[in-house]
Amino acid sequence: MISAPLEPTRAFGLPRLNEPAPPFEAVTTHGVIKLSDFAGSWLILFSHPADFTPVCTTEFVAFTEIAPKLREKNVELLGLSIDSVYSHLAWARNIREKLDVEIPFPIIADLDRAVATAYGMIMPGESKTETSRCVFIIDPKAIVRAMIYYPLTTGRNMQEILRLVDALQTADAYQVATPANWEPGKKVIIPAPKTSDELEQRVEAGFECADWYLCHKTIDGAAAAAAAPIHTPATAMAVK
Ligand code: BEZ
């Protein structure tokens with residue numbers, strides 16, 4: 001950890017929610033990959049500080065464990081660190097040999113920091129040479145929909161990443177919001193009314209409301225449990 005206080009820096013901008021994800025073309029363990037290769041899929045772009053480090057190794061195993069569930073939800077994974085592709089390949093091979101885990105997703109070798117800089121993954125207060133534990137959830141239209149930043153010392157929570165994907169896909173499919181600690185199958189929130197007409201309609205509609213601005217509803221069974229993996233007009237109409 002760096003102990004001396006740092007001046008805040010403006011040199012490393014962050015992407016912003018609901019804006020286009022910064023485009024990239026990068027060398028990865030699966031060859032050259034561009035952001036546009038993921039058009040039509042959700043993408044989780046995540047960075048880790050360095051190869052051959054213990055917390056990162058546990059995270060790579062954990063990302064591998066949730067990869068099949070993410071695939072079912074039309075979500076691809078893409079890792080990144082400021083290491084060479086040879087280092088990534090050797091680390092992945094080591095994880096296979098020592099832990100019997102095959103890393104299924106590509107890892108960007110961001111030696112020139114082009115992607116890390118575009119996505120604000122380097123937090124100089126933590127490390128000037130490593131990327132923090134960042135997660136960007138990018139939708140099928142290449143829009144940044146969520147960002148999570150964890151410090152170097154804290155491994156990420158995969159259940160929260162799955163929950164966040166489910167929450168975003170549910171919000172899109174049903175035009176709803178999700179309350180604190182929501183999980184698939186639980187009641188969702190009807191977004192607060194923005195006009196007096198909407199307010200009156202809501203009061204008359206018989207939703208479960210604590211008051212006019214805090215109304216919950218249930219989403220139809222199976223579709224909600226699966227959190228609407230790929231949203232279509234048909235699933236969107238399944239709301240009661
Ligand atoms: C780790 O993955 O164990 C780690 C990497 C960089 C800083 C601290 C921990």
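The values are calculated or read from the model by the stated rules, or taken from the named source; none is laboratory data. This one's a predicted model, so the numbers in the text were calculated from it and none came from an experiment. Backbone-built Cβ (ideal geometry, glycine too); neighbour counts: all protein chains shown. Heads up: the accessible areas ignore ligands, DNA and RNA and are worked out on the full protein's heavy atoms, side chains in. Shrake-Rupley method; radii C 1.70, N 1.55, O 1.52, S 1.80 Å.
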Pairs please, first residue from segment 148-160 and open to solvent by less than 40 Å² (accessible area, probe 1.4 Å), second anywhere and more than 9 Å from the ligand (Cβ to nearest atom) and part of a helix (DSSP H, G or I), Cβ atoms under 6 Å, 6+ apart in sequence or on different chains.
MET158/ALA62; MET158/ILE66
Taking segment 48-64 as the search range and keeping residues that are more than 6 Å from the ligand (Cβ to nearest atom) and assigned to a loop (DSSP other than H, G, I, E, B), which one is most open to solvent (accessible area, probe 1.4 Å)?
PHE52
Test for HIS88: is it open to solvent by less than 20 Å² (accessible area, probe 1.4 Å), within 16 Å of the ligand (Cβ to nearest atom) and under 18 Å from the mean Cα position of the chain (by Cα)
no
Can you confirm whether segment 131-145 contains a residue that is of a type in the set (Lys, Arg), touching a strand residue (DSSP E or B) at 6+ places or on another chain (Cβ under 6 Å), open to solvent by less than 40 Å² (accessible area, probe 1.4 Å) and not in a loop (DSSP other than H, G, I, E, B)?
yes
Give the number of residues within segment 65-77 that are in a helix (DSSP H, G or I) and either within 16 Å of the ligand (Cβ to nearest atom) or farther than 17 Å from HIS88 by Cβ (or both).
7
Filter segment 168-208 down to residues that are part of a helix (DSSP H, G or I) and open to solvent by 40 Å² or more (accessible area, probe 1.4 Å), then give me how many there are.
10
Can you list residue pairs whose Cβ atoms sit under 7 Å apart, with the first residue in segment 51-78 being in contact (Cβ under 8 Å) with a residue 60 or more places away in the chain and the second being acidic (Asp, Glu) and more than 16 Å from the ligand (Cβ to nearest atom)? Count only pairs 6 or more apart in sequence or on different chains.
none
